[in-house]
1. When you scan the stretch A:99-177 for strands (runs of 3 or more DSSP E) that lie fully inside it, which ones turn up with 1 or more residues that are among the aromatic types (Phe, Trp, Tyr) and modelled with pLDDT of 80 or more?
2. Can you tell me how many residues within the stretch A:167-189 are more than 16 Å from the chain's Cα centre (by Cα) and free of Cβ contacts under 8 Å to residues at least 60 places away in the same chain?
3. Hey, any hits in the stretch A:140-156 for a residue that's within 42 Å of the chain's Cα centre (by Cα) and not assigned by TED's automatic domain parsing to the domain that holds residue A:363?
4. Of all residues in the stretch A:15-66, which are assigned to a helix (DSSP H, G or I) and closer than 30 Å to residue A:81 by Cβ?
5. Please state which one of A:390, A:356 is of a type in the set (Gly, Ala, Ser), crowded, with 21+ Cβ neighbours inside 10 Å, in a helix (DSSP H, G or I) and modelled with pLDDT under 85.
6. Can you name the residue in the stretch A:168-227 that is of a type in the set (S, T, N, Q) and within 27 Å of residue A:321 (Cβ to Cβ) and, of all such residues, is nearest to the other protein chains (Cβ to nearest Cβ)?
7. Among (1) out of contact with any helix residue (DSSP H, G or I) (no Cβ under 9 Å at 6 or more places or on another chain); (2) within 9 Å of chain A (Cβ to nearest Cβ); (3) closer than 22 Å to residue B:286 by Cα, which single condition is residue B:111 missing?
8. Show me the helices (runs of 4 or more DSSP H) found entirely inside the stretch B:216-325 where at least 1 residues are under 28 Å from residue A:332 (Cα atoms) and more than 10 Å from every other protein chain (Cβ to nearest Cβ).
Amino acid sequence: MASIATLRRIGLPRLIVHVSVLFVCILWLVPTLGILVTSLRDPAQITSSGWWTAFSGASQTAAVRLGDPASARQEGANYVITGSVFDAPQAATATGGEPGATGNGTVRSFGTKVTAPAEFAAGATADLGTGETLVVNEDGSYRLSRTGPFDNGRGRRLYLTVSTPPSFTMGNYENVLTAQGIGQSFVNSLTVAIPSTIIPVLIAAFAAYALAWMNFSGKSLLIALVVGLMVVPLQMSLIPVLRMYNGIGSTFGIPARSYAGVWLFHTAFGMPLAIYLLRNYIAGLPKEIIESARVDGATDFEIFLKIVLPLSFPALASFAIFQFLWTWNDLLVAMVFLGTGSDQLVLTGALNALLGSRGGKWEILTASAFITIIVPIIVFFALQRYLVRGLLAGSVKGG
Amino acid sequence: MISQVVSAIGVVVVGVFCCALYYWLSEKLLQLVFPVGQGVAQGVSVNLRRRAAIRPWLFLGPAILLVAVYLVYPVIATFILSFYDRAGVNYVGLSNYRWAVADDQFRQSIFNNILWLAVVPAACTFFGLVIAVLTDRIWWGNFAKTLIFMPMAISFVGASVIWKFVYEYRSGNETQIGLLNAIVTALGADPQVWISLPFWNNFFLMAILIWIQTGFAMVILSAALRGIPEETIEAAVIDGANGWQIFWKIMVPQIWGTIAVVWTTITILVLKVFDIVLTMTNGQWNTMVLANLMFDWMFRGGGDSGRSAVIALVIMAAVTPIMIWNIRQAQRDTGGY
């Protein structure tokens, strides 16, 4: 009754709101959770069961061949074969797919006929007819006995249902960071992102100050230009800039593809949004502060450095976060201007290459993907306030 | 590897220092060329005026240079290159444009881009608006918003891997480890290879961008909703309007401007969509879009800058109306300048 009273107090429409928001949250979170859980699972378990079963352990069907009749010992009137199913070789089966029983699982059930692979529970004594009995225990040990000598030439085929406990490992991460080159790519991504984030902030701040607090002809045209250039697609610049870099490279005998080229490209493409965001913010600073500083004889350079820059920290931070996320997550610019050699790939490029070369290897893909997204996610949660502020101030730009 | 990071940080320090040095030196130079101190007999006010006239351009100089080289010049150069052959040497008139009009893959890309434009901005704005309204009414709304906003930080490539795993297909009677196929088989239907299903595969790629961008729409629209004057809603309540009417007739009309901004921002993003298609299908199974076709032609068979330029110009042409609208809007906001 209490729950009904609560329900009445909350109200049905209110409950629907709670439930639907919860549903959307789960829908939004589950795909990411999937790769996080998968990246921590044992590679063998990833392919044998869905990641949502990771915490309940996996259950797999196996087919093995028991010990050879030649290995039978005689115990009184009986001939006995003993051993462990986990040491037994894999048996070829009609359905083909079943693997051998490996690892440290627990036997749940067993059977000798493909039509009834789980006929007997583990520990039970199965009567196989013609005087043959079989016991398979949970720990995998078995005892096959017959009242006379075994007459068939090969070991008996046995079907097993084996449940393995949940097994989590950091091995996938160790593997991708070293053997798959993700560690190097992580460093490459940092190398691209750090200068491409900080240098544009400074250049744009000076320009924004000029556009906000200086009077000169052509100012309105420049502001319109900044707003217009914010939406120029990256694609427009790719061919001419690549030709330009190739030209510079062959003229001066330096590599056409370099970090410097990527830094400058990112800096230039961040410029319109940076100037727009910072100009709006700097123009909104109190007029009295700047004018009184001017009256006191401070030059524009001093006003900028000592008053404007410290006061505009929130706007600078907003833009820096945007620019960092954008340069860290970028694939196209790095692919075109940085080259695709394995030691030059940034994280996004490396992930893209792995999708091609390690298509079904989900333990590698998920671990690599998680390393790729973890840095921006940390930045996101730590500095979300600035990110939202920047979005609200500069939502004209398309990413 | 560590030395690489150290050198990158070194570049930051040197870069910042050089920038600061530039602004400082230019200011000094200005004072040297146009002195106003003691001992200057004449023209103090003239020199002051000259300084004030030149200084903005010194402040703007590096930014203008960068933008000119990387944004303005390329737009013109791409336009010119579109009339030249694959190496950009011989003038070929309109032949690249004629190729584009007749090319099946180009038409397919245009069709797919229109499909993306029709679905993604609308879906993101709609979901964003609904979620913004719902989360504003519950106590854990901010927490929910953070979760839905989070994919915004994830790269398109990372998101593609996340969703490729959701769409994973395994043949025969193997256990389905992809979430979508597991649900489908649990409901008794046959598993599907989602990303190669003709036509519908486009929608499975769009879902990724919708997943990323809904949070953006939600944040912006939520702020706009909070900016709606309380009195207008109270007046509607007093007049007997129900929730549905308040939403559509009172709230939505007051945030039309913001809805337009969200819509156009996502539209521009959709026109440039590249990473998702590259990593999910690389344009196979009829999922090619303009940005990927352009990239393809940049390097296909040694590269064809003419055809590639034409495709880039099509993207640019599609963005232009929004660009003009943005400029008008900005000029209105800043009171004409």
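The values are calculated or read from the model by the stated rules, or taken from the named source; none is laboratory data. What you are looking at is a predicted structure, and each value in this text was computed from that prediction instead of being measured. Glycine gets a Cβ as well: all are built from the backbone with ideal geometry, and neighbour counts include every protein chain shown.
1. Values: elements: A:106-111, A:125-129, A:132-136, A:141-146, A:157-164.
Filter on the stretch A:99-177 gives A:106-111, A:141-146, A:157-164.
2. Counting residues in the stretch A:167-189 that are more than 16 Å from the chain's Cα centre (by Cα) and free of Cβ contacts under 8 Å to residues at least 60 places away in the same chain gives 3.
3. For the stretch A:140-156, residues within 42 Å of the chain's Cα centre (by Cα) and not assigned by TED's automatic domain parsing to the domain that holds residue A:363: present.
4. Applying the first criterion (assigned to a helix (DSSP H, G or I)) to the stretch A:15-66 yields A:15-39, A:43-48, A:51-56.
Answer for the stretch A:15-66, where residues must be assigned to a helix (DSSP H, G or I) and closer than 30 Å to residue A:81 by Cβ: A:44, A:48.
5. Working: A:356 fails: crowded, with 21+ Cβ neighbours inside 10 Å.
Answer to the check: A:390.
6. Kept after step one, since they are of a type in the set (S, T, N, Q), are these residues of the stretch A:168-227: A:169, A:172, A:175, A:178, A:180, A:184-185, A:188-189, A:191, A:196-197, A:215, A:217, A:220.
Next, only the ones that are within 27 Å of residue A:321 (Cβ to Cβ) stay: A:184-185, A:188-189, A:191, A:196-197.
On the way: A:184: 6, A:185: 10, A:188: 7, A:189: 10, A:191: 4, A:196: 10, A:197: 9 Å.
Among residues in the stretch A:168-227 that are of a type in the set (S, T, N, Q) and within 27 Å of residue A:321 (Cβ to Cβ), the one nearest to the other protein chains (Cβ to nearest Cβ) is A:191.
7. Only one criterion in (1) out of contact with any helix residue (DSSP H, G or I) (no Cβ under 9 Å at 6 or more places or on another chain); (2) within 9 Å of chain A (Cβ to nearest Cβ); (3) closer than 22 Å to residue B:286 by Cα is unmet by residue B:111, namely (2).
8. B:256-271, B:275-280, B:290-299
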